[in-house]
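A.B. asks: Would you mind keeping the following structure in view while I ask a few things?
Nothing in this text is a laboratory measurement; each read-out follows from the coordinates by a stated rule. These numbers were taken from a predicted model, which means no experiment stands behind them. With ideal geometry, Cβ positions are generated from the backbone for all residues, glycine too; neighbour counts draw on all protein chains shown.
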Amino acid sequence: MPVILEARDLVKRYPLGEGEVTALAGVSLTVERGEFLAIMGASGSGKSTMLQLLGGLDRPTSGEVVIDGVNISAMDEEERTLTRRDRTGFVFQYFNLIGLLSVAENVGLPFLIAGEALAEHRARIDELLAMVGLSAKADHRPDQLSAGEQQRVALARALATGPAILLADEPTGNLDFTTGTEILDLLWDSADRLGQTIVLVTHDARAAAYADRVLVVRDGQVRDEIALGRRREHDAGPLIRRLAALGL
Ligand SMILES: Nc1ncnc2c1ncn2[C@@H]1O[C@H](COP(=O)(O)OP(=O)(O)OP(=O)(O)O)[C@@H](O)[C@H]1O
Ligand SMILES: [Mg+2]
């Protein structure tokens with residue numbers, strides 16, 4: 001499969017007091033179209049920083065990111081914002097829904113931001129709501145939903161424009177086991193049925209076990225890579241044994 005996302009020698013330093021902290025110390029990776037990649041690592045290892053750079057939310061100190069053939073590192077803020085809007089979808093740990101908007105309006109937010117009328121996208125919004133099992137709650141407000149339902153809205157919103165890449169940062173981090181499983185199953189279905197490319201950041205082996213391939217990050221570098229392949233049984237046992245064999 002062709003490469004849809006490429007990172008070349010990404011370095012990210014943040015200012016800290018009088019000095020600086022190196023969050024990423026040279027990360028290179030490629031993601032193929034349709035691939036479901038997980039990025040695992042301990043707290044502070046650089047996972048969120050990596051995802052922000054891969055999705056163009058922030059710029060690297062040095063290095064390059066190429067999304068779907070477009071080098072976003074050379075872009076100014078405005079160009080990067082447009083590329084992000086058109087080619088990426090984000091899901092975060094805290095759903096980041098807009099409380100004043102209905103569920104359907106939250107799902108259609110990418111269209112509203114693009115200055116388009118929701119009415120033009122009614123069919124697409126209905127399709128997304130059906131996909132995440134929330135057709136009956138289209139007119140609810142986010143605070144009338146459970147945490148799992150709110151994350152399903154966030155996922156539908158992230159998929160609304162048919163992004164080249166879906167980037168998810170600990171999407172199950174704020175959910176109980178069963179609700180987390182629902183989100184992971186939806187992610188996996190979108191990879192398997194829609195061919196959605198996914199990059200999932202997690203510290204949880206159970207979540208990472210859904211991926212086709214797992215990168216292990218430590219101290220801002222990719223230290224190991226574990227190929228799992230696409231399968232319907234998302235048993236974390238084999239991944240946990242592979243991680244243990246690597247001393248993790
Ligand atoms: N905006 C910032 N300013 C200063 N330092 C930062 C900033 N963001 C991250 N860091 C530092 O960079 C390193 C990597 O942070 P990052 O948030 O990427 O880790 P993480 O793997 O996502 O951790 P967690 O699992 O806790 O979410 C940490 O040492 C962190 O303190
Ligand atoms: Mg993080």
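A.B. asks: Karplus couplings for the stretch 237-243 from phi (6.51 cos²θ - 1.76 cosθ + 1.60, θ = phi - 60°), rounded to Hz, Gly and Pro as x?
C.D. replies: x, x, 5, 4, 5, 5, 5
A.B. asks: Determine ³J(HN,Hα), in whole Hz, for all residues of the stretch 6-21 in sequence, where each value follows from phi through the Karplus function 6.51 cos²θ - 1.76 cosθ + 1.60 and θ = phi - 60°; x replaces Gly and Pro.
C.D. replies: Once rounded to whole Hz, the list reads 9, 10, 10, 6, 6, 10, 9, 10, 10, x, 9, x, 8, x, 8, 10.
A.B. asks: With N set to the residue count of the stretch 132-223, report its C-alpha Rg divided by 2.2 N^0.38 Å to two decimal places. Mind dumping the intermediate values first?
C.D. replies: Details: Rg = 14.0 Å, N = 92, 2.2 N^0.38 = 12.3 Å.
Taking the Cα Rg and dividing by 2.2 N^0.38 Å, one obtains 1.14.
A.B. asks: Here is a follow-up. Val222's amide H: which non-local residues (gap 5+, or another chain) put their own amide H closer than 5 Å, with H modeled 1.01 Å from N in plane and none for Pro or chain starts?
C.D. replies: Residues meeting the amide H criterion: Ser28.
A.B. asks: What does the net charge come to around Val201 if you take all other residues with beta carbon closer than 11 Å to its beta carbon, with K and R at +1 and D and E at -1?
C.D. replies: Values: positive: Lys47; negative: Asp169, Glu170, Asp204.
Once all neighbours under 11 Å are counted, the net charge is -2.
A.B. asks: Hey, can you grab everything whose amide H is under 5 Å from the amide H of Val201? Only 5+ residues off in sequence or another chain; H modelled, so Pro and N-termini drop out.
C.D. replies: Ile39, Ala168, Asp169, Glu170
A.B. asks: Can you give the net charge of the other residues whose Cβ lies under 10 Å from the Cβ of Val66, counting K and R as +1 and D and E as -1? Mind dumping the intermediate values first?
C.D. replies: Working: positive: Arg8; negative: Glu6, Glu64, Asp68.
Result for the neighbourhood of Val66: -2.
A.B. asks: Could I ask something else about it? Can you compute 3J(HN,Hα) from phi for each residue in the stretch 135-149, using the Karplus curve 6.51 cos²θ - 1.76 cosθ + 1.60 with θ = phi - 60°, rounded to whole Hz and x for Gly and Pro?
C.D. replies: With coefficients 6.51, -1.76 and 1.60, one gets 4, 6, 10, 4, 9, 6, 9, x, 6, 9, 10, 6, 4, x, 5 Hz.
A.B. asks: Using DSSP to call loops (not H, G, I, E or B), can you name the GluC sites (Glu not before Pro) in the stretch 68-131 whose Cβ has at most 13 other Cβ atoms within 10 angstrom?
C.D. replies: When the GluC sites (Glu not before Pro) of the stretch 68-131 are filtered for loop state and at most 13 Cβ neighbours within 10 Å, Glu116 remain.
A.B. asks: When only C-alpha pairs under 8 Å and at least 6 residues apart count, what is the relative contact order of the chain, in percent? Numbers along the way, then the final one.
C.D. replies: Values: 474 pairs, mean separation 65.2, N = 248.
This gives 26 percent for the chain.
A.B. asks: Take the Cβ-Cβ distance between Glu120 and Ala147 as r, set R0 to 30 Å, and report the resulting FRET efficiency rounded to the nearest 0.05. Present the calculation step by step, with values, prior to reporting the outcome.
C.D. replies: Working: r = 31 Å, r/R0 = 1.03.
For R0 = 30 Å, the calculated efficiency reads 0.45.
A.B. asks: Taking only the alpha-carbon atoms of the stretch 3-239, what semi-axes of the equivalent ellipsoid follow from 5 times the gyration tensor eigenvalues under a square root, in whole Å, largest first? Can you show the working numbers first?
C.D. replies: Working: eigenvalues 158, 93, 55 Å².
Square roots of five times the eigenvalues give 28, 22, 17 Å.
A.B. asks: On to the next question. In Å, what Kirkwood hydrodynamic radius results for the stretch 99-154 from the alpha-carbon pair distances? Let's see the in-between values first.
C.D. replies: Values: mean 1/r = 0.0897 Å⁻¹.
By the Kirkwood definition, the hydrodynamic radius is 11.1 Å.
A.B. asks: Efficiency by 1/(1 + (r/R0)^6): what FRET value for Ser28 and Leu100, r their Cβ-Cβ distance, R0 = 30 Å, to the nearest 0.05? Provide the component values of the computation, followed by the final result.
C.D. replies: On the way: r = 42 Å, r/R0 = 1.40.
The value I calculate is 0.10.
A.B. asks: With the cut-off at 15 Å, report for the stretch 1-68 the share of all Cα pairs above it, as a whole percent.
C.D. replies: On the way: 1208 of 2278 pairs.
That fraction is 53 percent.
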